[in-house]
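Below is one structure, written out as structure tokens, with a few remarks after it.
Bear in mind these aren't lab numbers, they're just calculated from the coordinates by the rules spelled out. Because the structure is predicted, anything quoted here is derived from the model rather than measured.
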Amino acid sequence: MRYIQIIFILLFFSILNSNSLLDIKDNIFDDYGNGKVTYPDNPIFKKGIFDITEFKIEENPNSYKFTIVVRTKINKVKNMIFENKFETEEFNREFDTLQKMLENDSIELGFIKLELLKRQKKHAQNQQN
């Protein structure tokens, strides 16, 4: 039954003549599956690396593009702030994508914005001195 629903969704979106066939957003911090899913014991598998936040299918003239976004995008934005790289074009792109992904209703996004404002203010004060 689930496959029939997915096929119907794909057909519906392709009828709309759009490049995007499917775009599903998911909450962050819910990477525990049915409650029985655990991360591997090896320390290279940090908690959150498998937390899928968006799944997208796009149709191109000769192919399909599948995009899976995981929570690591949040970590990338945070790291760029902590490294004072918040005035770069790359940061602006990543931060804009993150805001669209989280749709401004995330506590995590609120904390990121507060940290960004704090660092921007400090950076401006340092520029004046």
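Some notes on this structure:
- Sequentially through the stretch 113-120, phi angles give Karplus couplings (6.51, -1.76, 1.60; θ = phi - 60°) of 5, 4, 5, 4, 4, 4, 6, 5 Hz, Gly and Pro residues having no value and appearing as x.
- Lysines whose Cα lies under 24 Å from that of K47, excluding same-chain neighbours fewer than 8 positions away: K25, K36, K56, K73, K76, K78, K100, K113
- Cα gyration tensor category, rounded, prolate or oblate, for the stretch 71-129 with a/c compared to 1.5: prolate
- ³J(HN,Hα) computed for each position of the stretch 82-89 - Karplus, 6.51 cos²θ - 1.76 cosθ + 1.60, integer Hz, glycine/proline x: 5, 8, 6, 9, 7, 9, 9, 5
- Backbone amide hydrogens, once placed in the peptide plane, bring S20 within less than 5 Å of E59, excluding anything fewer than 5 places away on its chain.
- Amide H contacts under 5 Å for V70, placed H, 5+ residues apart: T53
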